[in-house]
Each structure stands twice: as C-alpha cells, then as structure tokens.
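Structure, as structure tokens:
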Amino acid sequence: MVSFSSIQFQPAAAATSPRTSVLLSHHHHHSDQLSLSSSPSPPQQLPPSRLHRRRLHCIRAIDAAQPYDYEAYLFNRFSPSSKLKIAVVGFGNFGQFLAKAFIRQGHTVFAHSRSNYHAVAQSLGAAFFPDPHDLCEQHPDVILLCTSVISTESVLRSLPLQRLRRNTLFVDVLSVKEFPKNIFLQILPHHFDILCTHPMFGPESGKLTWQNLPFVFDKVRIGNEDSRINRVEAFLDIFKKEGCAMVEMSCAEHDKYAAGSQFITHTMGRILEKLQLESTPINTKGYETLLNLVENTASDSFDLYYGLFMYNKNAMEQLERLDLAFEALKKELFGHLHEVLRKQLFGKSEEAGHRRPMLAKLPKNGTPPLLPSQSEAVANNNN
Ligand code: NAP
C-alpha cells in the first residue's frame with residue numbers, strides 16, 4: 001500500500017474551496033506533523049513573508065474538500081491493477097486463440113514462438129518477441145506456455161529465467177497435466193509460482209462462446225503473499241468472465257478423466273477421418289454428429305493428439321479398451337450370424353439351450369484388465 005507521505009497535493013485546485021480555508025487555519029499549527037508533501041528536494045529558502053503566504057495555500061489535511069473524488073482517484077492510482085502482462089510462449093493455433101480473449105479483456109500480450117508471427121501478433125494487438133531474452137526483459141506477470149506437449153520441456157529450458165522477475169507466475173494450457181506439472185517443478189526455481197490449467201475447448205469448439213465450457217485448473221505452487229494470490233485470481237478471472245465452468249482438480253485426476261473422455265473422442269475422430277466419411281442427402285442427426293467430430297478433431301495438429309497418448313499414462317489402457325470393445329462387438333455380431341446359420345443347417349436337431357458364449361463384457365473403466373480365463377467366466381455369466 002502506498003503511504004500518503006509520498007503523495008504530492010495540488011494546491012491551486014484545492015485552495016478555492018471555503019471548507020479548505022477553514023481546515024487550513026485549523027491545521028495550521030500542526031503543519032509539521034500533518035504535512036503530506038514529502039518532496040525529496042531540500043526545502044527552498046524563501047523570505048519569511050513569502051513562506052507564510054505559500055503555507056496558506058498548501059493543503060495539509062486529507063479530509064479537506066476536493067473539487068473531485070480525490071479518494072477514488074488515489075485508490076485507482078495506487079491499488080494494484082488487475083490487468084496483467086501475459087507472455088504467450090508458443091503463438092500457434094491455440095496461443096493466438098487465447099491471446100485474442102486476453103487482449104479483448106484489456107490485458108497486455110507479449111508473444112514468442114519458434115516461427116515468426118510478427119504480422120499476426122501485430123494484427124491482434126500483441127507485441128512479438130522472436131528472442132526469448134527480449135521477451136523476459138519485458139518482465140511479464142505471467143508466462144503462459146502454449147507449445148505442443150512434446151516440445152514443452154525444450155521450450156521451457158530455452159527461456160532465460162534469470163531475466164524474469166523473481167516470482168513470475170508460470171501457467172500452462174497443455175492437454176495433459178501431470179507431465180507439465182512435473183516439468184515445472186523440476187525446472188523452475190522455487191520462487192516462481194505455478195498454475196496448471198486446461199481449457200477443455202479449442203478454437204473450433206470455443207469459436208462462438210466459452211459460456212459453460214469447462215476450465216480445469218490446479219494451483220500447484222502459489223506463494224502466500226497477497227499480490228501473488230491476487231495475480232492467480234486475476235488470471236483465472238479471465239476465464240470466469242468469459243463464462244467458463246471453473247473446475248479445480250488435481251493434475252492426476254484430470255489425466256484420468258481426460259484419457260477416458262478427450263483421448264477417446266480424439267481417437268474416434270481420427271478413426272472416422274480415415275474412413276473419409278462424406279455428407280449424404282439423407283444424413284441422420286447421429287451421422288451429422290460424427291461428421292462434426294471429424295471436423296473438430298481434424299483441425300487439431302497430430303502433435304496434439306500424439307501428446308494426449310504419449311504423455312498421459314492412462315491413455316494406453318483406453319486404447320486397449322477400445323480394441324477390446326471393437327473385438328467384442330464383432331464377436332457379438334458374428335455370434336448372432338453363426339446361430340442363424342446353424343439353425344438353418346441343423347434345424348431342431350441341435351439341442352436347445354446349448355449356445356456358445358459370444359460376448360465378453362468389458363470390465364468397468366479403471367478396473368484392472370481381466371485375464372483370458374476370467375474373461376471367459378464373465379462371458380458365461382453374461383449369457
Ligand atoms: P500444437 O501442435 O499442440 O502446438 C503448436 C505450438 O507448439 C506452436 O506454437 C508451435 O510453435 C509450438 N511448437 C511445436 N513444436 C515446437 C518445437 N519443436 N519448438 C518450439 N515450439 C514448438 O497445437 P495447438 O493447438 O496450438 O496447441 C498448443 C497447446 O495447447 C498444446 O499443448 C495443446 O495440448 C494445448 N491445447 C490445445 C487446444 C486446442 O484445441 N487446440 C485446447 C486446449 C489445450 P510455432 O507455431 O512457432 O512453430
């Protein structure tokens with residue numbers, strides 16, 4: 001908080017108020033204790049008569065009537081601003097998408113990337129710094145990592161951390177969470193704050209609005225000074241203001257949920273893309289949904305999808321479950337077909353009730369995979 005001793009008053013404006021003159025005479029005797037002006041320059045040597053005249057025109061009290069709302073002016077001038085200087089590192093598809101919202105909300109955006117985005121940054125109202133040293137010397141409040149998952153570590157290591165302010169806030173928006181959390185904790189000195197986030201939407205799905213779209217965050221390491229707590233809140237406020245559904249959860253929890261939802265979604269989208277589906281004159285609603293899914297996932301880079309697989313330890317299990325589910329479905333189909341054929345071939349001569357078990361239901365998400373013998377037992381129970 002700024003003390004009043006550092007505030008220079010404007011004598012000319014205030015001396016016209018009648019209330020001021022009353023207060024001036026009241027406080028005149030205490031002028032030494034109450035003086036609010038602490039100009040660092042030595043007192044001027046004025047003749048006593050001029051000194052007396054000048055004192056009469058000085059405001060010595062904070063409760064003196066002001067020609068405008070001086071307290072609000074002081075508050076606005078000296079209270080910490082909620083506007084942030086955000087350095088977006090990785091100014092590709094998603095980095096630019098986020099930067100637009102930051103700028104719309106009045107924050108200052110500095111951009112840095114491997115490629116040259118000078119013109120794009122300029123058109124959005126951001127400043128582009130090809131050299132990370134120049135970027136860090138801007139002393140941003142927040143460094144926001146928007147790089148591909150696979151390049152995160154090398155990009156973070158390329159930043160000259162010593163040029164930043166000591167408690168700069170580091171944020172990431174990677175689609176996996178335990179990995180960047182561990183990299184941050186490994187590489188960043190303890191005096192930097194860490195917030196791991198994942199906006200659960202992208203330039204396609206959040207094109208029109210972010211209203212009710214989930215925003216996941218984990219305050220991994222935040223210093224307990226007010227200014228550091230407020231800075232994190234100011235950053236989170238950006239997403240609150242856009243209407244996001246704010247979800248605070250640990251990075252580990254995020255990765256578990258995301259493998260079972262986001263990774264499956266992207267995988268299905270990419271499988272369908274390989275089928276080269278086309279719109280028909282008789283599209284059902286369901287088919288339209290599939291076409292949309294392909295469009296949504298195809299616009300993301302393969303790096304992004306690969307990151308979801310490689311850097312989330314739960315993704316492999318989901319891929320195996322998908323495989324099992326497809327096999328089980330095929331078995332179910334072929335099993336029915338097999339029965340129809342047998343009936344045609346053998347008619348009633350085949351003993352009723354002696355049916356071969358066909359479908360092994362998958363164990364619930366998160367339970368360990370079944371051994372082949374157990375799987376057969378489940379199948380028998382299910383039939
Ligand atoms: P991306 O392919 O995951 O990342 C592209 C960004 O990474 C670009 O800024 C690119 O820089 C940078 N990059 C790639 N390889 C690099 C390398 N070797 N060295 C330095 N920089 C490198 O696509 P994205 O959609 O922009 O996603 C960025 C991050 O946001 C990812 O971590 C992703 O998981 C996360 N995210 C994306 C979405 C989404 O819908 N797109 C949603 C939520 C979170 P240049 O462009 O300069 O080459």
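Quick look at the numbers
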read-out: J(HN,Hα) series, the stretch 324-335, from Karplus relation 6.51 cos²θ - 1.76 cosθ + 1.60, nearest Hz, glycine and proline x; value: 4, 4, 5, 5, 4, 5, 5, 4, 4, 4, 5, x
read-out: Proxy reagent accessibility, fewest Cβ within 10 Å first, across Glu178, Glu332; value: Glu332, Glu178
read-out: Neighbour-count ranking [beta-carbon atoms within 10 angstrom, fewest first] of Lys274, Lys331, Lys83; value: Lys274, Lys83, Lys331
read-out: Cα lying deepest toward the dipole's positive end in the stretch 208-364, options Thr265, Gln318, Leu291, charges on Cβ; value: Gln318
read-out: Diffusion coefficient, µm² s⁻¹, Stokes-Einstein with Kirkwood Rh over alpha-carbon pairs of the stretch 168-209 at 25 °C and 0.890 mPa s; value: 213 µm²/s
read-out: Highest to lowest packing among 257-265, 283-291, scored as the average C-beta count within 10 Å; value: 257-265, 283-291
read-out: Normalised contact order of the stretch 83-162, rounded percent, pairs of Cα under 8 Å and 6 or more residues apart; value: 37 percent
read-out: Magnitude of the charge dipole, the stretch 262-314, Cβ model with Lys/Arg +1 and Asp/Glu -1, debye to 20; value: 220 debye
read-out: Calculated over the stretch 120-253: convex hull of Cα atoms, volume per residue (Å³); value: 124 Å³
read-out: Alpha carbon Rg of the stretch 98-166, scaled by the compact-globule rule 2.2 N^0.38 Å; value: 1.09
read-out: Cross-link partners of Lys364 among lysines (Cα-Cα below 30 Å; sequence separation of 8 or more within a chain); value: Lys177, Lys181, Lys256, Lys274, Lys285, Lys313, Lys330, Lys331
read-out: Only Lys, Arg (+1) and Asp, Glu (-1) charged, at Cβ; the stretch 267-352 dipole about Cα centre in debye; value: 280 debye
read-out: Ranked list, fewest to most other Cβ atoms within 10 Å of each Cβ, for Ser175, Ser299, Ser279, Ser349; value: Ser349, Ser279, Ser299, Ser175
read-out: Normalised alpha carbon radius of gyration of the stretch 269-324 [divisor 2.2 N^0.38 Å]; value: 1.33
read-out: Proximal lysines to Lys83, defined as alpha-carbon separation beneath 17 angstrom and excluding residues fewer than eight positions away on the same chain; value: Lys100, Lys240, Lys241
read-out: Charge dipole magnitude, Cβ of K and R +1, D and E -1 - the stretch 151-259, Cα centre, debye nearest 20; value: 340 debye
read-out: Tail beyond 18 Å, pair distance distribution of the stretch 197-255 (Cα, percent); value: 40 percent
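Only the coordinates and a few stated rules stand behind these numbers; no lab work does. Keep in mind the model is a prediction, meaning the values are calculated, not measured. Don't worry about glycine lacking a Cβ; one is built from the backbone with ideal geometry, like all the others, and counts go over all protein chains shown.
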